[in-house]
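Read the structure below first, then the notes.
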Amino acid sequence: MTKKSMNSLFLNYLIESDNKIETNSEKWIQDFNTDTIDEISEAINAHMVFIKACWGEIGWCLPKWKERDIKVGNVLSDLKNSVPVREIDEGLADCFKERDIEAITILIAMHLSNSEKSKLDLAFQLYLKQEYFTSAVLLAGLIDSASINQVLKTTDNPENVSQCWKCYGKVIQENFGGTYFSGTFPFNKSAKNNERGKATIEFFKSIKHDVCFDNKKDILISLSFALLKFFDDSDWRDKQNGIIPSSINRHWLAHNMYDYDDITRADCIKLFCMLYQIVELYSMCKGK
């Protein structure tokens, strides 16, 4: 099966941002004042959001402690030069040793119930045996249940939210929207015609700068764009044409549309990273 070309929406935003900063940098230096500081701050904030969005578009949300081992700029350069996502994935996966995945698993387990720990341990054992498809199915279910359980835990009379993107979005809006963002998290937006992607960009561009939010922000932005891709809509007609999503997709896993060998080591590592980031983020959220 061949991977679909990545959606270029976020990459185009990043390239436009690169050009804007390059065009305006000399003017900002020469006319440095209070208004210029605001303009620079807005441009840099948007630029960082676009970078995180591009990483999310290929399904990655790296733990902060792992970023130092990876040349982030090289990956962005590869995306701009149309290097295939599969090749980028393989290079990133090579940066992770099995002891890194074991460490991530241990950190995740600290936030799980005994039942969930058993599933996580099984997912890790299957991963070590290179049974990547089965491991990915278990990890995807744990990512789903993390948001569902968070809603049940923090809401007295929760509505039955069937879509996990919506469930995740409600948690984010309740915990961070309004306090740290002037916009609303797009948990109700359709994924069609890039509506959800564009709205997610606008939400994160609406951030209110607060140093107390920095640790959560680092996780939240990267994770949200990775989940945006993970929960993206699916076109089942691609299967007939021998094409699979550009990054691992929840619907394809849930509906058994992948061939067994379609799921790779890199796909599992992406899911371990998503699960780690989501349980870390929820551990910082308010309880009931």
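Quickly run through segment 128-140 and pick out the residues that are over 18 Å from Ser247 (Cβ atoms) and either part of a helix (DSSP H, G or I) or within 21 Å of the chain's Cα centre (by Cα) (or both). Residues satisfying the conditions are Leu128, Thr134, Leu138. Only one of the listed residues (Ile40, Ile88, Ile104, Ile51) is buried (at least 16 other Cβ atoms within 10 Å of the Cβ), touching a residue at least 40 places away in the same chain (Cβ under 8 Å) and assigned to a helix (DSSP H, G or I). That residue is Ile104. Would you confirm whether or not segment 51-74 contains a residue that is more than 25 Å from Ile207 (Cβ to Cβ) and not acidic (Asp, Glu)? Yes: segment 51-74 contains one or more residues that are more than 25 Å from Ile207 (Cβ to Cβ) and not acidic (Asp, Glu).
Does segment 171-187 hold any residues that are open to solvent by 60 Å² or more (accessible area, probe 1.4 Å) and either under 18 Å from the mean Cα position of the chain (by Cα) or closer than 21 Å to Phe50 by Cβ (or both), and which are they?
Let us first name the residues in segment 171-187 that are open to solvent by 60 Å² or more (accessible area, probe 1.4 Å), namely 174, 179, 182, 184.
Ser182, Thr184, listed by residue number.
With respect to Leu11, determine if the residue is in contact with a Leu (Cβ under 6 Å, 6 or more places away or on another chain) and either surrounded by 14 or more Cβ atoms within 10 Å (Cβ to Cβ) or part of a loop (DSSP other than H, G, I, E, B) (or both). Answer is yes for this residue.
For segment 162-177, the criterion of a residue being in contact with a Lys or Arg (Cβ under 9 Å, 6 or more places away or on another chain), over 21 Å from Glu280 (Cα atoms) and free of Cβ contacts under 8 Å to residues at least 40 places away in the same chain is satisfied by no position.
Checked against (1) modelled with pLDDT of 95 or more; (2) open to solvent by 80 Å² or more (accessible area, probe 1.4 Å), Val137 passes all but a single condition, namely (2). The residue of segment 232-265 that is farthest from the chain's Cα centre (by Cα), among those that are at pLDDT 95 or above and basic (Lys, Arg), is Arg265.
The values are calculated or read from the model by the stated rules, or taken from the named source; none is laboratory data. The structure displayed is predicted, hence computed values, not measured ones. Backbone-built Cβ (ideal geometry, glycine too); neighbour counts: all protein chains shown. Side chains are part of the model used for accessible areas, which takes the heavy atoms of the whole protein and leaves out ligands, DNA and RNA. Shrake-Rupley method; radii C 1.70, N 1.55, O 1.52, S 1.80 Å.
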